[in-house]
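First the structure, in the form of structure tokens, and then the observations on it.
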Amino acid sequence: MKRVVILIRVKTFLEEVKSGSIDTDKFVSDVKASSSSMQEKYAPFITLNEGFGKATPQKGALQYLPVSVKDCLCTEGIRTTAGSKILETYVPNFDATAVAKVKAAGGMILGKTAQDEFGFGTFSTNCAYQVPKNPYDPERTCGGSSGGAGCATAAADFPHIAIAESTGGSITAPAAFTGTVGLTPTYGRVSRYGLIDYSNSMDKVGVISKEVYDSALMLSVIAGHDPLDSTSHNKGSEDFTKYIGKDVKGMKIGVPKEYFSSIDSNVKKLVEDAIAKLEGQEAEISEISLPSTKYAIAAYYIIAMGEASTNLAKYCGMRYGKQDKISGEFSEYFSSIRSSGFGEEAKRRIILGTYMRAAGFRDAYYIKALKVRSLLIKEFKAAFKGVDAIATPSMPMLPPRFDEIAKLSPLEIYNMDKMTTAPNLCGFPTISIPVGTSQGLPVGMQLIADHFMEGRLISLAAAAEVIK
Amino acid sequence: MQRVAFMYKKVIKICNPKCNHMVDFQKVDKGMLSRICSNAKLNLTSSEEERFVSEMGEILTAFRELESVDTKDVQPAYHATEIRNIWRDDKVKKKSVDIKKNTEALENGYIIGPKLV
Amino acid sequence: MSIMIGLEVHCQLNTESKLFCSCEAYPRDAQPNSSTCEICLGYPGTKPVINKKAIDHVISIGLALGCRINPESYFSRKTYFYPDMPKNYQITQYEVPIASEGSIEVNGMRIRIRRVHLEEDPARIVYADGNLETASHVLVDYNRAGTPLAEIVTEPDMKSPKEARAFLEKLSTILEYLKVYDQSKGASLRVDANISVDGGERAEVKNVTGFENVEKALNYEAVRQQNIVRLGRKVERETRHFDEVAKTTRTLRKKEFEEDYGYIFDPDLPVLDISDEWKSKIEKGMPELPDIMVKRFLKQYGISEYDAKVIVYTGKDFASFFEDVCRIYSKPKAASRWMINYLLKSLNWRSERISQSKASPDTFSELLTMIDKGEITERYAKELIKEYVDTGLRPSEIALKSGAKPSLQGLRDIVKKVIKDNTKAASEFAAGKNDALAYLIGAVLKETGKRGDPKEIARMIKEEISNASVAQ
């Protein structure tokens, strides 16, 4: 008697698929039904894949696994909007490399998850489509910009893994706020080909999942060199699941004091407890200092907005996306399309980015920020000489309510990224794991490791993880 | 190392031909905003303009804190890790892109665009 | 009034695939947008990967123009909006180009080269109805988008439109010799010309194709600007467009200042590290450059400097042809004379390059030998060359066909006949009057329709007459 679905672990599911004990047809139809109802309740998706389950998936490590994809990754034949109205009609002719790898491994694309437009945001409230609601409390944010990915992962009552993306912390924030695991690989570990660009020197394709194992498995599938992406590292991939279960005895964890001030006390307590738990497993905890952290937000946003303002120049009503009947001189036509197609935050960032790279200003902003990045990398590298990983809270507060967010100024929102911007700016891999709830709301701990040391993160995260 | 430092100095010289003084960054007025919008092909409503001018001032002031960071002799980091000399061989791979899938603005195979003047 | 001219030459580089994607760079007879992919169409999510050959080519150009090859160079994004831009930013090199600070000599003038860098070509705009001003919309063909370009920027060292043209002609020959530029593939050179008079503001005439057009555009601009200055007004800094039909320039837009482009380092691309080894490898593999070839020709073939320059600068194929001819036919001076004064004329008349024509060193050498041996007269040879270039037939065949080359026996028969018909002249010559010989030769030539070598004819006449005397 073949089993059907639900609430089983990804690892178990994949084993059962292999052994032939899953009724895959029923599974597909149940997942579809469940996704629709999830969509109604929490709106994690911008587009559900109508072709889900129609073709038999490849025999691979992920065969029959439903995989959601953040809407900034191109999926052939499935509408891809990056959360923006300016791409409302865009249907890519090709798969992003990470997506192609998922499909080659037998993963089934469930749908495209909601996000802040082009990645511009911390709460997914800048999504030009429905804003995803936190399954723990639908009046609160799922975090952003990969809010839909976090939402779908938390809400799914079937085995599922989300492909997400982080530029300044867009995997860590939703993972923290939705009580899920968020793995942000080293910059260059996963190909960015087919990822709609926010900030090319910082964008990273990553994973949100229920368990550390799932993230490790997915990373093994999507990591690796891609000749189509000049920034993808030739380190290749490996079986990252082998790092799970490794003894963390003797592993050195640094706790930077700069990350534990001016944060919610409940968050602080839960993260400190989690660190103590690792200490209980004989990891060595030490206090460290990362004094340049306070400059990370400025450096991050300057570079990100500068690069983003050039990346968004291509959206002008020609060849794809929002288009009108061609009329008028090109300046008029382009401005008309862009002004009606972009949301407010996108416009803000384009304007700021354009300003900060204009001659006369670019030295003080853009070039300066690039140098500050150098300094931050150096500071982290020095710290990593003495520790194997750094532990911080993932977010400085509990997931805020939508009405609270509406009152925040743009600058106040930017400052909420203060836990995640430094490691993201510097391309270090991070993992966020749930470390408990406060007032019924999830809290996450962020672990940071040196470039290409995802293995360490996985070992530590697995040791700190509580498997439900 | 010295060679790199020499090249870097050249970069700064080329980047900064006119800026011998500190521009008053906090003052982002409507005129400046308007020039940027024209450059970036964006039309703002008047209420957007009002809001943006004040927000930009606030944000740029905050970003200016980087001025206090000593970056003398520090190289800019274009990427998180060094990425050098990545390229491909000069070989042709034919592809066919279905342009019609994403636009109807086609005329005899050409893509239609707005006029120049 | 003093004139200052600086040029920015965009050379489409000789590669198979485009600069940042693997589409064919020069597709033949291609339908619009048929040699494109999601990368060169600027679809969201795509990323550039550099074509190494394009870098090699720019290094070659830099070396040939006496530049310093920078050990580190970077790619930049030049952001501006235009319907021919797939991404509304062009990937180019702003801060540090591949090559800097060189110079070449043109007619004794030193023209400094500011930089040589690598960048991508935008798409091609076509006006279906009307022209730039009147068209209601534009039509864009992205086949050209992404073609690798070397941009060669000079200092404003040229002092006249004529000088600018001379520079361009020399530059394009160098590029051709380097094999980085191949017109036969469909590659083109486009020029942005900057001109100012009397130290005033400069105007830029954008996108001019054809060196004659560049000279015309600059001539027009020089006059326009000088007129403005004479009226006591100031020339405005602006970008202008050259109307090929009217041969005038018109305002396109007010010149965008550098800050409008908001240059950033392109974060999708690596830093270029050009090692000494790489540089040496390219240097060693570089073909002989025109100036060096001219010097060698003077030494090796003993021809005049003028001749050497014409041969070398007509084109590499022309120079190779000359060398091949000299291997078969051992008189370089004669070869040079006939090639420059006659062969080249016929080729130009047919608007053909020698490599495209039916002429070959083999058959051309045959012609030269025939002239030497007196089998045909020089006068006739000049006629024959035209047919030779038209048909490619062996000159001996052409001559025979037209009866131009009388057989020696045929000639002798004519000589005999003429002597018989002109006994008075014959006997006067026999008596020692040399005028009579000339008269007889003339008579023979009249018969042969001016064919036959006069010396040969003279010899035969002497022989016949002395035989006759003996006979008598």
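So here's what we get for this one:
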| read-out | value |
| --- | --- |
| Estimated translational D of the stretch C:1-92 in µm²/s (Stokes, Kirkwood radius over Cα pairs; 20 °C; 1.002 mPa s) | 136 |
| Kirkwood Rh, angstrom, the stretch A:156-199 [1 / mean 1/r, Cα pairs] | 11.8 |
| Nearest-ten-degree value, helix C:408-421 long axis tilted from longest Cα axis of chain C | 50 |
| At 1.002 mPa s and 20 °C, Stokes D of chain A from Kirkwood alpha-carbon radius, µm² per second | 98 |
| Calculated P(r) tail over 22 Å for the stretch C:288-401, as whole % of Cα pairs | 27 |
| Cα-only Debye scattering, the stretch C:73-219: base-10 log of I(q)/I(0) at q = 0.11 Å⁻¹ | -0.50 |
| Cα long-axis angle, helix C:161-177 against chain C (0 to 90 degrees, to the nearest 10) | 80 |
| Computed FRET value (nearest 0.05) for residue C:391 with residue C:183, which takes r as the C-beta separation and R₀ as 25 Å | 0.50 |
| Ellipsoid semi-axes in whole angstrom, largest first, where each is sqrt(5λ) of the Cα gyration tensor of the stretch A:386-429 | 26, 12, 7 |
| Extension gain, residue C:228 back to residue C:246 (0.36 nm per residue minus Cα-Cα distance, nm) | 4.5 nm |
| Inter-chain shielding of A:220-232 (mean C-beta neighbours from other protein chains, 10 Å cut-off) | 4 |
| Residue mean of other protein chain beta carbons inside 10 Å, C:74-84 | 5 |
| 19 Å reach of a label modelled at residue A:137, 7 Å along Cα-to-Cβ, counting backbone N of the stretch A:255-269 | A:263-269 |
| Relative exposure of A:226, C:141, A:239, C:192, judged by other C-beta atoms within 10 Å (fewest first) | A:239, C:192, C:141, A:226 |
| Diffusion coefficient, µm² s⁻¹, Stokes-Einstein with Kirkwood Rh over alpha-carbon pairs of the stretch C:3-281 at 4 °C and 1.567 mPa s | 66 |
| Per residue, the convex hull volume that the Cα atoms of the stretch A:425-467 enclose (Å³) | 62 |
| Residue C:169/residue C:236 FRET efficiency (R0 35 Å; Cβ-Cβ; nearest 0.05) | 0.70 |
| Exposed GluC sites (Glu not before Pro) absent: longest stretch of chain A, with sites in DSSP loops and at most 15 other Cβ within 10 Å deemed exposed | A:283-468 |
| Chain lengthening between residue A:89 and residue A:262 when straightened (0.36 nm per residue, less Cα-Cα) | 58.0 nm |
| Residues A:326, C:111 arranged by fewest to most Cβ contacts within 10 Å | A:326, C:111 |
| Chain C: relative contact order in percent, alpha carbon pairs under 8 Å with at least 6 residues between | 14 |
| Ascending count of other beta-carbon atoms within 10 Å, so fewest first, for A:316, A:142 | A:316, A:142 |
| Tilt relative to chain C, helix C:52-64 - C-alpha long axis, 0 to 90 degrees, to 10 | 70 |
| Enclosed volume per residue, in Å³, of the convex hull spanned by Cα atoms of the protein assembly as shown | 214 |
| Estimated [θ] at 222 nm from DSSP helical runs (n ≥ 4, -39500 (n - 2.57)) normalised by residues in the protein assembly as shown, nearest 500 | -12000 deg cm²/dmol |
| Cα gyration tensor of chain C - equivalent ellipsoid semi-axes, whole Å, descending | 59, 25, 22 |
| Pairwise label distance in nanometres, residue C:383 with residue A:157, each label 7 Å out on the Cα-Cβ vector | 10.4 |
| All-pairs Cα distance distribution in the stretch A:296-359, expressed in whole percent, bin size 10 Å | 22, 46, 25, 7, 1 |
| Inter-chain shielding of A:71-78 (mean C-beta neighbours from other protein chains, 10 Å cut-off) | 1 |
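Just so you know, all these numbers are worked out from the coordinates, no wet-lab data involved. On a predicted model such as this, the values are computed, not experimentally measured, just so you know. Positions of Cβ are backbone-derived with ideal geometry, glycine not excepted, and every protein chain shown enters the neighbour counts.
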